[in-house]
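Enquirer: Let me begin by handing over the structure; questions about it come next.
The values are calculated or read from the model by the stated rules, or taken from the named source; none is laboratory data. None of the values given here were measured: they were computed from a predicted structure. Neighbour counts are summed over all protein chains in view; Cβ atoms, including those assigned to glycine, are modelled from backbone coordinates with ideal geometry. Remember, those area values only see protein heavy atoms, side chains included, never the ligands or the DNA or RNA. Shrake-Rupley method; radii C 1.70, N 1.55, O 1.52, S 1.80 Å.
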Amino acid sequence: MNEHLTQLVKLSQFDKDIVGFDPQIENEQEKLKAFTKVVDEINAEIDRLYQLIDDTKNKRIKNDIHLKELSDKLEEIAGKHKVAKNEKEVKALQLEEEIAKEQVNFANEEINRLDALITSKSEDLETLKENLQKEQESVSELKEVIDTSIENLEKQKGELYEQKSILVSKVDPKVLAFYEKIKRWAKESAVVPIKNQACYGCHMKLSNRFYSEFITSDEIMTCPHCGRIIYKDSTESA
Ligand SMILES: [Zn+2]
């Protein structure tokens, strides 16, 4: 094979291999993201519970204040009872007292309900905090493993870059420019083999005439259909 072409086949393989590391690195990062997402969700739920408990405590305080007001009112009614002048006034006071007592009952029930809610949500909060700690521990363990794995991949990628740049320095600048121009649109498939008389870039069949010229030529040739640089597949006998 033409020496320039041999270099381009290698160069294209380097480019393909280098790009091939990206999905692997991304995959590692995604793994970590899935775990940190769980941590974020638990944190959000913890915030929500804190807020809910705060709100419930505030409601409880309001009910306590209301109870105090009702107790003052009942005292006031009791005082008026002593100085009531007639039955009509007594009945009105009794009605007022009854309503106030009902409100006291209601406020007490509400306080009990709020207390139960605060207790149960506080328990939920503790459980969540425990979960959070466990998740955070496994995330930091995982992060270590993933960081190492990414580091390795980056290192391998870096080594390929180095090998590629050594090769690039040896390639004839005109040939390199030709390759780069095709690579701009063809990406990692700028240099493709011909197998079964077909281009492996565009999968179009080469005419018999072009194919026999291609087989015998030692020049760098491009596919007449797509314009990619083509080479004879070494695994295929002529
Ligand atoms: Zn083609």
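Enquirer: Less than 15 Å Cβ to Cβ from GLY79, Lys/Arg counted +1 and Asp/Glu -1: what total charge do the surrounding residues give?
Expert: -2
Enquirer: Around ILE18, with a cut-off of 13 angstrom between Cβ atoms, what is the net charge of the other residues, counting Lys and Arg +1 and Asp and Glu -1?
Expert: Working: positive: LYS10, LYS16, LYS155, LYS157, LYS164, LYS183, LYS187; negative: ASP15, ASP17, ASP22, GLU154, GLU159, GLU162, GLU188.
Its environment carries a net charge of 0.
Enquirer: Please report the spacing between the Cα centers of the stretch 106-159 and the stretch 1-55 in Å, no decimals.
Expert: Going from one Cα centre to the other spans 22 Å.
Enquirer: Taking R0 as 35 Å, what's the FRET efficiency between ASP218 and ASP22 from their Cβ-Cβ distance, rounded to 0.05?
Expert: Details: r = 35 Å, r/R0 = 1.01.
The value I calculate is 0.50.
Enquirer: Among LEU176, LEU125, HIS81, pick out the residue whose Cα is farthest towards the positive end of the charge dipole of the chain, where Lys and Arg carry +1 and Asp and Glu carry -1 on C-beta, about the Cα centre.
Expert: It is LEU176, whose Cα lies furthest towards the positive end.
Enquirer: Taking the 0 to 90 degree range and rounding to the nearest ten, how far is the long axis of helix 87-170 tilted relative to the main principal axis of the chain, both from C-alpha atoms?
Expert: That works out to roughly 20 degrees.
Enquirer: Here's another thing I want to ask about it. I'd like the accessible area for TYR50: 1.4 Å probe, protein heavy atoms, all chains in place, Å² to the nearest 10.
Expert: Here the accessible area works out near 110 Å².
Enquirer: Further, regarding this structure: Kirkwood Rh over Cα pairs of the stretch 176-232 into Stokes-Einstein at 10 °C, 1.306 mPa s: D in µm²/s?
Expert: 140
Enquirer: Further question on the same structure: Gaussian network model of the chain, Cα springs within a sub-10 Å range: biggest mean-square fluctuation belongs to which of GLN197, GLN94, GLN136?
Expert: Residue with maximal mean-square fluctuation among GLN197, GLN94, GLN136: GLN94.
Enquirer: On a 1.4 Å probe surface of the protein chains, which of LYS183, LYS62 comes out largest in accessible area, and what is the full order?
Expert: LYS62, LYS183
Enquirer: Separate question: Could you name the lysines in cross-link range of LYS205, using Cα to Cα under 22 Å and dropping any fewer than eight places away on the same chain?
Expert: Candidates past the 8-residue exclusion: LYS183, LYS187, LYS195, LYS232.
Enquirer: Shifting gears a bit: Along the principal axes of its C-alpha atoms, what lengths does the chain span, in descending order and rounded to whole Å?
Expert: The Cα atoms of the chain stretch 129, 37, 30 Å along their principal axes.
Enquirer: Follow-up. Helix 173-186 sits at what angle to the longest principal axis of the chain, using alpha carbons and giving 0 to 90 degrees rounded to 10?
Expert: The answer is roughly 40 degrees.
Enquirer: If I model a spin label at PHE106 and GLN197 as a point 7 Å from the Cα along the Cα→Cβ vector, what separation in nanometres do I get?
Expert: The modelled label-to-label distance comes out at 9.5 nm.
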